[in-house]
Amino acid sequence: VDNLRTVERALDELKRGYAVCLRDGNATLRVMAAEYAGAQPGPLRVVLSGQRANYLGLGAQAISVKIPVGDGTLLQSLLYAPCVETTIQATPASSGERMALGLIKQAGFLPAALISAPDNSAALEVSAEAAEAYLKRPVVLALDTLVRLPVAAYEDTRVATFEERGGAVHLALLIGHPENEAAPLARLHSSCFTGEILESLRCDCGSQLREAIEVMAKAGGGVLLYLNQEGRGIGLINKLRAYHLQEQGLDTVEANLALGFAEDERDFAIAAQMLRILKIGKIRLLTNNPHKVEALTQAGIAVAERVPLVVKPGEHNRDYLAAKAKKMGHRH
Ligand SMILES: [Zn+2]
């Protein structure tokens, strides 16, 4: 427990832009988020994920690249550029470096860790074993509140909040009384600030959210899980970085991979846990995404039926929807 607490403190330090020391056997690495790299003293290495390495044509494993002192341009292009022209001296990342990458990603950053030799600064020290145990632990959710929340589409609605220990808050919208139905309509919806609040036309999240609530209201019941996993789990800032790459010709899947993420970083086991806490074990899933059906089934929720959710494509999201259909197997 003490070890896990040290990892949580290390993640806090990383989120604030500070370095931490990662002890792996006899080696100690000074680690910080590469995107926070300012004027760093001494020789540096940057560790990139397997996805980013693969995208740059440098093999499919996490790699470690030496950055000459003061070469900010090389570092920036290794992190963000659609391609890197210079010849790069990359070596496979060590186990400590891979663990450093895991911590940086867990802290919500672009998966790129800046590594230097430990200096005299009083950086928090964490062991690689503790970091590994933390990154592998199952996420545990707790139900915080369940309260009436009449919504425009359906008055008899409640909202429940769930909190990951020290982490994200997820919501469940209970339209009518789905817990009393044999197999209520259910929808897993991942938060999308740009699509829902700003009505961005780059995706279809806003219309999907409203349509799902509408369909459940018409059916007289359903449960909508609103998961705090923006941009298929990469976060708002990284999603906007992916948009930037899409303006340079990449599609939605390629852009996530180019940034070093998996094409989908979401954890649908969280949704299964929420349903179990709500005492809903069997559902009719409103989705076009067969992976959600698989993930929920694997996590122990019975999916009696897949109900397609149809939203009309527009001029700006046509390519996005086509990429989801072609590369992620979405269908109607
Ligand atoms: Zn969206």
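Structure notes:
- Asp144 being more than 17 Å from the chain's Cα centre (by Cα) and either touching a residue at least 40 places away in the same chain (Cβ under 8 Å) or open to solvent by less than 70 Å² (accessible area, probe 1.4 Å) (or both): no
- A count restricted to segment 208-242 and to residues that are open to solvent by 50 Å² or more (accessible area, probe 1.4 Å) and either within 12 Å of the ligand (Cβ to nearest atom) or not charged (D, E, K, R) (or both) stands at 6.
- Here Leu185 passes the criteria (1) open to solvent by less than 60 Å² (accessible area, probe 1.4 Å); (2) at pLDDT 95 or above; (3) within 14 Å of the ligand (Cβ to nearest atom) except the one numbered (3).
- Counted as qualifying within segment 27-142 are the helices (runs of 4 or more DSSP H) with 3 or more residues that are at pLDDT 90 or above, namely 50-55, 95-106, 128-136.
- Cys203 meets the conditions (1) at pLDDT below 95; (2) open to solvent by 30 Å² or more (accessible area, probe 1.4 Å) in every case but one. The failed one is (2).
- Looking across segment 268-277, the residues that are buried (at least 18 other Cβ atoms within 10 Å of the Cβ) and either more than 12 Å from the chain's Cα centre (by Cα) or part of a helix (DSSP H, G or I) (or both) come down to Ile270, Ala271, Ala272, Gln273, Met274, Leu275.
- Residue pairs meeting the criteria (Cβ under 8 Å; at least 6 apart or on separate chains; first under 20 Å from Ala33 (Cβ atoms) and open to solvent by 50 Å² or more (accessible area, probe 1.4 Å), in segment 77-102; second part of a loop (DSSP other than H, G, I, E, B) and small (Gly, Ala, Ser)): Arg98/Ala62
- Among the residues making up segment 282-303, those that are open to solvent by 30 Å² or more (accessible area, probe 1.4 Å), touching a strand residue (DSSP E or B) at 6+ places or on another chain (Cβ under 8 Å) and not hydroxyl-bearing (Ser, Thr, Tyr) are Lys282, Arg284, Val293, Ala302, Val303.
- Among the residues of segment 304-331, those that are touching a residue at least 60 places away in the same chain (Cβ under 8 Å), surrounded by 16 or more Cβ atoms within 10 Å (Cβ to Cβ) and more than 20 Å from Glu214 (Cα to Cα) comprise Asn317, Tyr320, Leu321, Ala323, Lys324, Met328.
- Test result for Tyr154, farther than 24 Å from Asn256 by Cα and modelled with pLDDT under 95: no
- Out of Glu265, Glu196, one residue alone is within 15 Å of the ligand (Cβ to nearest atom), part of a loop (DSSP other than H, G, I, E, B), open to solvent by 10 Å² or more (accessible area, probe 1.4 Å) and without any contact (Cβ under 8 Å) to a residue 40 or more places away in the chain. It is Glu265.
- Filter result (in a strand (DSSP E or B) and either in contact with a helix residue (DSSP H, G or I) (Cβ under 9 Å, 6 or more places away or on another chain) or open to solvent by 40 Å² or more (accessible area, probe 1.4 Å) (or both)) within segment 159-174: Ala160, Phe162, Glu163, Glu164, Val169, His170, Leu171, Ala172, Leu173
- Within segment 199-221, residues that are touching a residue at least 60 places away in the same chain (Cβ under 8 Å) have Cβ atoms under 9 Å from residues that are more than 16 Å from the ligand (Cβ to nearest atom) and in a helix (DSSP H, G or I) in these pairs: Met216/Pro178, counting only partners at least 6 apart in sequence or on another chain.
- Any hit, segment 243-252, residues being surrounded by 22 or more Cβ atoms within 10 Å (Cβ to Cβ) and either more than 14 Å from the chain's Cα centre (by Cα) or more than 29 Å from Ile283 (Cα to Cα) (or both): yes
The values are calculated or read from the model by the stated rules, or taken from the named source; none is laboratory data. Predicted model, so just to flag it, every value in this text is computed and none were measured. In this analysis, Cβ positions are derived from the backbone assuming ideal geometry, glycine residues included, and neighbour counts consider all displayed protein chains. Calculation scope for accessible area: heavy atoms of the full protein, side chains included, ligands and nucleic acids excluded. Shrake-Rupley method; radii C 1.70, N 1.55, O 1.52, S 1.80 Å.
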